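The values are calculated or read from the model by the stated rules, or taken from the named source; none is laboratory data. None of the values given here were measured: they were computed from a predicted structure. Note that each Cβ is placed from the backbone with ideal geometry, even for glycine, and that neighbours are counted across all protein chains shown.
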Amino acid sequence: MSRVVVLGAGMAGYGAVHRLHAEGLRPLQFDRLPYPGGHTASYEVGNGFIFDDGPHISFTKDPRIQELFAECVGGEFETIQARVNNLWRGHWIKHPAQCNLHGLPEELVVKILVEFVEAQHAEPGPIDNYADWLVAGFGRTFAETFPMRYGLKYHTTEAVNMSTDWLGQRLYRPDLAEVFRGALSPETPEVHYISHFRYPSHGGFFSYLKPFIDKAELKLGHDLVALDPSTRRLRFANGHVEAYDRVVSSIPLPALLPLIEGAPRDVVDAAGRLAWTRCVTVNLGVAREDISDCHWTYFYDDDFCFTRLSFPHMLSPNNTPPGTGAIQAELYYSDKYRPLDCEPESLIEPTIADLTRCGLLREDDEILTRNARLAPYGNVIFDLERADAVERVRGYLDDIGVATCGRYGEWGYHWTDESFKSGEDAAQKVLDSKA
Ligand SMILES: Cc1cc2nc3c(=O)[nH]c(=O)nc-3n(C[C@H](O)[C@H](O)[C@H](O)COP(=O)(O)OP(=O)(O)OC[C@H]3O[C@@H](n4cnc5c(N)ncnc54)[C@H](O)[C@@H]3O)c2cc1C
C-alpha cells in the first residue's frame, strides 16, 4: 500500500484524514505546532477560561457536516441564535447596519436612503474592484461610511485594491423594505446571514476535531523545511526525513513554495505576491458575565485598535468559570499592507483601554486572566494580484502531484466546513490517482 502523507493538522488536514480513513488507510500526518487543530485549536488559561485561536462558530448549512460534527461531540453542542452589533462613532447599531439606520444622524440617513433607491435603478458601470462593487450595490455614502471603513480595518487594504471574485457573481441589492423599516424603527427583525450557529458545549471549537486524531499517525512539532518532488521526500526542521508516495498539503502556499526543491523561480515569485492578514487575538477573562448582549461586535472606527470582539462565555457557559465572562478581541495586520511592528503582548493594554472607553469594560472590572496570541495566517486578502498568482502556484503543485487543500492550501475564503471538505476532496484526488 502506498504511503500517504498529510501535511497540517487543522480542519483541512482532518478532512483528508477522515476521507482516507474511510478507505481503510491510516495516513502519516505532520504539523509544525506542538498541538493539533491548526487555526481551530482551543486552549485553556487561568483556571478554566477556554479560548479558541480566533473566534470560531459552526454555521455550516451542509447537513452531512452538521451531522458529522454533532457526532464528534456526542450530540453535546449549543444551538444559538446570533445577536450581532456594530459600534460606529459612538452609535451601537444592530447588524447589518444597512437595515438598522435608525438613530444615526438624520442627514446621513437621508443621503444613504436616496442613494440606495438610486442604486437599485441605476445601470451599474464597470465593476473593476471591491470598491466599485460596494458603490454599485449600496450607493457611495453607505459604502464609504460602513463597509469600506470596516473592510480597511479587517483586510488591511483599501477596497479599491481588492477583487470581487470572493463575492460571487451577483451584485448585492439591499432589500428596500428592510432598509426603510430599519431607518424608521429601532425594532427590526434579525436578518444577519448567520441566523443560528452551533458550538461544542465542552472543550471549545477544537472538540469537533478530537475524534479524528486517532485516525492518523500524527507527528507534532514537525516543521517541514523541504519537499523534494523528484525523490518524493520530505525533510523537517528536527532532522526527520520521510518518503511519500502521495501527499496532501494544507500548508499555506507562500510558506510551502519556497520549500519545494527545484520549484521554478516564477512560481515561487507568484507565491511571494500572495497577501494575507495576521490576526492577533487579545483574550481577557473578566470577573463578570454581563459584558455584552451580543455574541460579536464589529468596530468601524480607526481609533479602536481592534476590529471585532466576541464573547466566549456566550458560545458555551463551559468556556469560563461560573459567574465570569470572557472577551476575545481581533486585531489585524499584514506583511504587505500593515506590518505588525510590535510584540502581541504589547497590544493587551491598548485593548483594555479601548474596551473601557467604549463602555464594555468598567474601570473597576477585575481582569482574571489576559493573554495575546498571534495567528500567523488569518484571512486571505483578495487583492488584485491574487487570482493570477494562485492559478500559477496551484497549477504547478498539481503538476508535481501535491494535492493542496484548506483555506491556505487553496488560498480562498473557506469557512471550517469548506476547509474540511476541501481536505476530503484532496484525499479523493490522491485515492483516484492511485487507481
Ligand atoms: C479570525 C478568524 C475567525 C474565523 N472564524 C470562523 C468561524 O467562526 N467559523 C468558520 O467556519 N470558520 C472560521 N474561520 C475560518 C477557519 O479558521 C478556516 O477555514 C480553517 O480553520 C482553516 O483550516 P486549514 O486546515 O485550512 O488551515 P490551518 O488550521 O491553518 O491548518 C494548517 C496547518 O498547517 C500547519 N503548518 C503550516 N506550516 C507548516 C510546516 N512548514 N510544516 C508542518 N506543518 C505546517 C499549521 O501549523 C496548521 O496547523 C475563521 C478564520 C479566522 C482567521
Filtered residues of segment 373-424 (kept if among the charged types (D, E, K, R), within 16 Å of the ligand (Cβ to nearest atom) and more than 20 Å from the chain's Cα centre (by Cα)): Arg394
Could you say whether any residue in segment 72-85 is assigned to a strand (DSSP E or B) and among the charged types (D, E, K, R)? yes
Which condition number does Arg235 fail, the rest of (1) without any contact (Cβ under 8 Å) to a residue 60 or more places away in the chain; (2) not in a strand (DSSP E or B) being met? (2)
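Here's the yes/no breakdown for (1) surrounded by 16 or more Cβ atoms within 10 Å (Cβ to Cβ); (2) farther than 30 Å from Val268 by Cβ:
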residue: Leu184; (1), (2): no, yes
residue: Ser195; (1), (2): no, yes
residue: Arg198; (1), (2): yes, yes
residue: Gly204; (1), (2): yes, yes
residue: Ser207; (1), (2): yes, yes
residue: Glu217; (1), (2): no, yes
residue: Leu220; (1), (2): no, no
residue: Arg232; (1), (2): yes, no
In the set Asn86, Asn47, which member is touching a residue at least 40 places away in the same chain (Cβ under 8 Å) and surrounded by fewer than 16 Cβ atoms within 10 Å (Cβ to Cβ)? Asn47
Keeping to segment 38-64, report how many residues are within 18 Å of Tyr413 (Cα to Cα) and of a type outside the set (Asp, Glu). 11
Note on segment 1-18: residues assigned to a helix (DSSP H, G or I) and near the ligand (Cβ under 10 Å from one of its atoms) are Met11, Ala12, Gly13, Tyr14, Gly15, Ala16
Within segment 283-302, identify whether any single residue is within 12 Å of the ligand (Cβ to nearest atom), under 20 Å from the mean Cα position of the chain (by Cα) and not assigned by TED's automatic domain parsing to the domain that holds Tyr14, and answer yes or no. yes
Taking segment 238-254, which residues are part of a loop (DSSP other than H, G, I, E, B) and of a type in the set (Ser, Thr, Tyr)? Tyr244, Ser250
Name the residue that is farthest from the ligand (Cβ to nearest atom), counting only residues in segment 36-46 that are in contact with a strand residue (DSSP E or B) (Cβ under 8 Å, 6 or more places away or on another chain) and assigned to a loop (DSSP other than H, G, I, E, B). Gly46
Within segment 251-271, considering residues that are among the small types (Gly, Ala, Ser) and within 16 Å of the ligand (Cβ to nearest atom), the one nearest to the chain's Cα centre (by Cα): Ala255
Among the residues in segment 425-434, are any within 25 Å of Asp301 (Cα to Cα) and within 16 Å of the ligand (Cβ to nearest atom)? no
Just one of Leu87, Leu33 is near the ligand (Cβ under 9 Å from one of its atoms) and closer than 29 Å to Val280 by Cβ; which is it? Leu33
Does Trp92 satisfy the condition of being touching a helix residue (DSSP H, G or I) at 6+ places or on another chain (Cβ under 8 Å) and away from the ligand (no atom under 15 Å from the Cβ)? no
Got a number for residues in segment 19-32 being surrounded by fewer than 16 Cβ atoms within 10 Å (Cβ to Cβ) and assigned to a loop (DSSP other than H, G, I, E, B)? 3
Conditions: (1) more than 12 Å from the ligand (Cβ to nearest atom); (2) of a type in the set (Asp, Glu); (3) buried (at least 23 other Cβ atoms within 10 Å of the Cβ). Glu71 meets all but one. Number of the miss? (3)
Just one of the numbered conditions (1) closer than 30 Å to His21 by Cα; (2) more than 16 Å from the ligand (Cβ to nearest atom); (3) touching a strand residue (DSSP E or B) at 6+ places or on another chain (Cβ under 7 Å) is not true of Thr188; which one? (1)
